[in-house]
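What follows draws every value from the coordinates through simple rules; no lab data is involved. Remember, predicted model here, so these are calculated numbers, not experimental data. Every residue, glycine among them, receives a Cβ derived from its backbone with ideal geometry; neighbour counts consider all protein chains shown.
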Amino acid sequence: MTLSILSLLALSGDAHAWSHTQKLWSREEMPLPYYLADIDEDSIDMEYAVNAIDESWAVWTGDGASCAQLEANNTGVRSGWTGGFNNDGFNTFTFEDPAEDLDPGVLAATLCFPGERAFDIDGNSYYFSADCDIVYSSTVDWGKNEDIDAGACASEYSLKAVTTHELGHLWGLGHSCDDPNDDGTKGEESCEVGDLRDAIMFWSTGPCDNGPEGGFTSDDVTGLYALYGPYCSFEAVEGADRRGGTGMEVCFQATCNEDPTAILWSFGDGETYEPTEEEIASGEPVCHTYNTKGQFSVNLTITGEGDACGEWEYTQRNPAYVLTCGEPEPAEGFSGLFTYTHYDGLVYQMVNQVDTSVYGCVELITWEVYEGGSVSGEPIISMDAWSPKIEFPGEGTYTVVVNVGGPGGLKAGALTIEAVDEKGEATSACSTVPFAAGFAGVFVALAGAARRRRS
């Protein structure tokens, strides 16, 4: 859902330690299937690796992050496939690094290949992930959490702790405290000890360290919920026309993954509506009539409260979502749809005076030229242009017609022109010819990888 998290993403910034990879998974892809490549039994026991990875997934999909409603599914072992980073549509874990993609000192790395663009915010583009692979270093001794807890650890690293961190990257989280320097500083800001260093997404870990057994710190949760917290969406009900004339009624349907307690609609034309609790519970669409012409952005603000997510607020804005137009008319200060000036010889410049103050209300335009002082017979010239130059075939009287159309309807205007073959002497509009209300002219459309390091 392309716009479902824009308001929450606005929370990210220098005031927070967490960051994003600018990739995330669409909810339509969940539960995420994942695979484990064949393992060299000399490096790590396959059964243990499978269990540790499954337990790491459970940290993210369990109660600790229940508000995010993440889902994943173990799809089995990819026999005969060793690994590396491959954009093949499979989320794969491998303990082989055939291309030597991992830098020295890196325990594991996650690379997510981008798919469809999700949205842009603060000058950054976010993309839905299409494939995420996790590659572990083949030079690391991997240990079991129970052995580490029992003190039976020399310099092994916890596979579960490292995998849990890498899964954070797979979901779209960056490091809660990045490390350009050995002293633990992130840019010019100090990485505080305590909560940040205990975060799952802290950038480094040491040997014999099981990671935060409690699961999430507030930093992990805040960064995650900025991507996958409560969200809502809305659209015009199926079959509804969002483009039309003034007086058009549009009905909107809102859907949320959490029950809202209050909803505020802002329709873009200055009108707002706040449904009652009974109306919210019914789930019925909300309808609004647009009586003025314009391009209107519709805004939905929803608040809620629940055990998993606490108090939350979500805002979705669909820009230029509704277009209402009047019948084509002259722009302010003009009395006709067009006028003309003499250009040179038998060439006359048409000057379009149609009101274009609302973008999108003029979609179709064509010009027709008839011989004589009325519209009769077939046009001798037809063209599609905004303000064309028309060259008449000879001196005499001609009727020029402009047909203008759009969502608000059809309008035509006509002028008679006495064409004179002379050099550059400007003439202006002569008279307006009465036009039959039923006339309809011919219209033509104008128209990089996140890594976990040793500490």
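One table, with the values for the structure above:
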{"item": "Order of Asp219, Asp101, Asp133, Asp149 - criterion: other Cβ atoms within 10 Å of each residue's Cβ, fewest first", "result": "Asp149, Asp101, Asp219, Asp133"}
{"item": "Computed over segment 292-338: relative contact order in percent, which uses C-alpha pairs under 8 Å that are six or more apart", "result": "40"}
{"item": "Residue exposure sequence - His20, His165 - by fewest surrounding Cβ within 10 Å", "result": "His20, His165"}
{"item": "Cβ-based net charge around Gly62, under 12 Å, with every Lys or Arg adding one and every Asp or Glu removing one", "result": "-4"}
{"item": "Estimated inter-spin distance, Leu410 and Asp103, nm [label 7 Å along Cα→Cβ]", "result": "6.7"}
{"item": "Stretchable slack from Asp54 to Asp421, in nm (0.36 nm times residue separation minus alpha-carbon distance)", "result": "123.4 nm"}
{"item": "Chain lengthening between Asp45 and Thr261 when straightened (0.36 nm per residue, less Cα-Cα)", "result": "72.8 nm"}
{"item": "In sequence order, calculated HN-Hα J values of segment 309-317 (Karplus, 6.51, -1.76, 1.60; Hz; x Gly/Pro)", "result": "10, x, 6, 9, 9, 10, 10, 10, 10"}
{"item": "Phi-based couplings in Hz for segment 284-301 (Karplus 6.51, -1.76, 1.60; Gly and Pro marked x)", "result": "6, x, 10, 10, 9, 9, 9, 9, 10, 7, x, 9, 10, 8, 9, 10, 10, 10"}
{"item": "Burial ordering of Arg317, Arg197, Arg117, fewest other beta-carbon atoms within 10 Å first", "result": "Arg117, Arg317, Arg197"}
{"item": "Separation of alpha-carbon centers, segment 280-298 and segment 362-391, rounded to whole Å", "result": "39"}
{"item": "Point-to-point label distance, Glu311-Asp141, nm (Cα→Cβ direction, 7 Å offset)", "result": "5.2"}
{"item": "Set of lysines near Lys23 by C-alpha distance (under 22 Å), chain-local residues within fewer than 8 positions excluded", "result": "Lys186"}
{"item": "Lysines with Cα under 17 Å of Lys423, excluding same-chain neighbours fewer than 8 positions away", "result": "Lys389"}
{"item": "Residues with amide H under 5 Å from that of Trp142, placed H, sequence gap 5 or more", "result": "Tyr157"}
{"item": "Projected area averaged over orientations for segment 338-432, convex hull of C-alpha atoms, nm²", "result": "6.0"}
